[in-house]
1. Explain nothing, just the number: relative contact order of the chain, from Cα pairs under 8 Å at least 6 residues apart, as a whole percent.
2. Arg26: accessible area at probe 1.4 Å, nearest 10 Å²?
3. Kindly report the accessible area of the range 22-139 per residue (heavy atoms of protein chains, probe 1.4 Å, no ligands, DNA or RNA), in Å².
4. Amide H to amide H under 5 Å from Tyr79: which residues, 5+ apart in sequence or cross-chain, H placed 1.01 Å off N in plane?
5. Under a Cβ-Cβ cut-off of 11 Å, what is the net charge of the residues other than Ile54 that fall near it, where Lys and Arg count +1 and Asp and Glu count -1?
6. Springs between alpha-carbon atoms under 10 Å, Gaussian network over the chain: tell me which of Ile128, Ile49, Ile20 tops the mean-square fluctuations.
7. Please report the carbon-and-sulfur percent of the accessible area for the chain; probe 1.4 Å, protein heavy atoms only, DNA, RNA and ligands left out.
8. Could you work out which residue, out of Phe121, Phe138, Phe36, moves most in a Gaussian network model of the chain, that is, has the largest mean-square fluctuation with Cα springs under 10 Å?
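The values are calculated or read from the model by the stated rules, or taken from the named source; none is laboratory data. Quantities reported herein were computed from a predicted structural model and do not represent experimental measurements. Note that each Cβ is placed from the backbone with ideal geometry, even for glycine, and that neighbours are counted across all protein chains shown. Areas reflect the complete protein model, heavy atoms only, side chains present, ligands, DNA and RNA absent. Shrake-Rupley method; radii C 1.70, N 1.55, O 1.52, S 1.80 Å.
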Amino acid sequence: MTSKSVLPDRVRPAAEQPLIRPGVDRTSIGALVRKFYSRVRKDKRLGPIFAREIVGDWEPHLEKMTDFWCSVILKSGVYQGRPVPAHLKLKDVTEADFEIWLALFRETAAEPFAPETSVVFVERAQRIAASLKLAMFFRLDRTAPADSQ
Ligand code: HEM
């Protein structure tokens, strides 16, 4: 018998479901990833950040990101990495850079997919971006009032 959560159903968040729609598969997700990173690499702010970190062959990064998005969208489970440490080491990235990243992602996801599909990609990207930003930038001493102990 499996162990049951002690949380009552109404407070347990619903698990995200795989997005099952025609045309949403590893091929179209891989094409989106490639188009997105070709834009990121040309962006005047994000391009140099990625160029410093990914030197030489981009293919392994593009395959890893395709695995990541297949896991996020199709729930395929193929991505086994850890995004937080990969971003914590990027010392020159700011919160504003995430807005640039998300704007490029929104624009790229809108091209191959219908709006009701691209909105799912964008919502999941925003949620993950929010948790990466928390990991990278949240400091208790920045949010607490100056005179509190
Ligand atoms: C300004 C925003 C961002 C910047 C500058 C950035 C930059 C990078 C860089 C340079 C890497 C490669 C690190 C390495 O290979 O050592 C990376 C990896 C990665 N990024 Fe981002 N990223 C950003 C936002 C995001 C967002 C919003 C997501 C998800 C929606 C994301 C998902 C990932 C994933 C899954 C990896 C691979 C981590 C691993 O398993 O090694 N990134 N990012």
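1. This gives 25 percent for the chain.
2. Its accessible surface works out to 90 Å², give or take rounding.
3. 56
4. Placed amide hydrogens put Ser71 under 5 Å from Tyr79.
5. Counting the neighbours of Ile54, the net charge comes to 0.
6. So, out of Ile128, Ile49, Ile20, the one fluctuating most is Ile20.
7. 59
8. Phe138
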